[in-house]
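Before any comments, here is the structure.
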Amino acid sequence: MKINGGCTHIQALTTLRVAERRECAECVPIGARWVHLRTCQECGVTLCCDSSEHRHASKHAHTTGHPVVSSAERGERWVFCYPDGTFGRY
Ligand SMILES: [Zn+2]
Ligand SMILES: [Zn+2]
Ligand SMILES: [Zn+2]
């Protein structure tokens, strides 16, 4: 796949992981709500964005070291690397 822009983490992606469920895997068990969803490109888990109260995707990136997420929102075609703060578009 071709991704425009981004860091070495983003350019290293060969296939794009897509959300299996359109819900935050960590908000659902605690009854919390989210704003937007992101899918980890390392393990495939879908979690909530930094505009959400719990910022689970960001916490996941920090605790696991999985750097890159994709937007799981319909019509959005971009990936983001947390440690580098860079976007790539596809
Ligand atoms: Zn990176
Ligand atoms: Zn969440
Ligand atoms: Zn992950």
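The values are calculated or read from the model by the stated rules, or taken from the named source; none is laboratory data. Computed from a prediction, not measured in an experiment: that's the story for all the values here. With ideal geometry, Cβ positions are generated from the backbone for all residues, glycine too; neighbour counts draw on all protein chains shown. The protein model used for the area step is the full one, side chains on, heavy atoms only, and it has no ligands, DNA or RNA in it. Shrake-Rupley method; radii C 1.70, N 1.55, O 1.52, S 1.80 Å.
So here's what we get for this one:
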{"item": "Average Cα contact separation per residue, the chain, under 8 Å, 6 or more apart, as relative contact order %", "result": "30 percent"}
{"item": "Fraction of accessible area attributable to carbon and sulfur, the chain (%, probe 1.4 Å)", "result": "47 percent"}
{"item": "Estimated FRET transfer efficiency when R0 is 35 angstrom, pair Glu73-Gln11 (beta carbons, to 0.05)", "result": "0.95"}
{"item": "Per residue value of the accessible surface for the chain (all protein chains in place, 1.4 Å probe), Å²", "result": "60 Å²"}
{"item": "Sum of side-chain charges, Val35 neighbourhood, beta-carbon under 12 Å (Lys, Arg +1; Asp, Glu -1)", "result": "0"}
{"item": "Gain upon complete extension [Thr64, Arg22; 0.36 nm per residue less C-alpha separation]", "result": "13.0 nm"}
{"item": "log10 of Debye I(q)/I(0), alpha-carbon scatterers only, for the chain at 0.15, 0.16, 0.20 Å⁻¹", "result": "-0.49, -0.55, -0.86"}
{"item": "Positive minus negative residues near Asn4 (Lys, Arg vs Asp, Glu; Cβ under 12 Å)", "result": "+3"}
{"item": "Segment 1-51: Rg to Rh, with Rh as the Kirkwood radius over Cα pairs", "result": "1.05"}
{"item": "Theoretical FRET efficiency, 1/(1+(r/R0)^6), r = Cβ-Cβ of Ile30 and Lys2, R0 30 Å, to 0.05", "result": "0.20"}
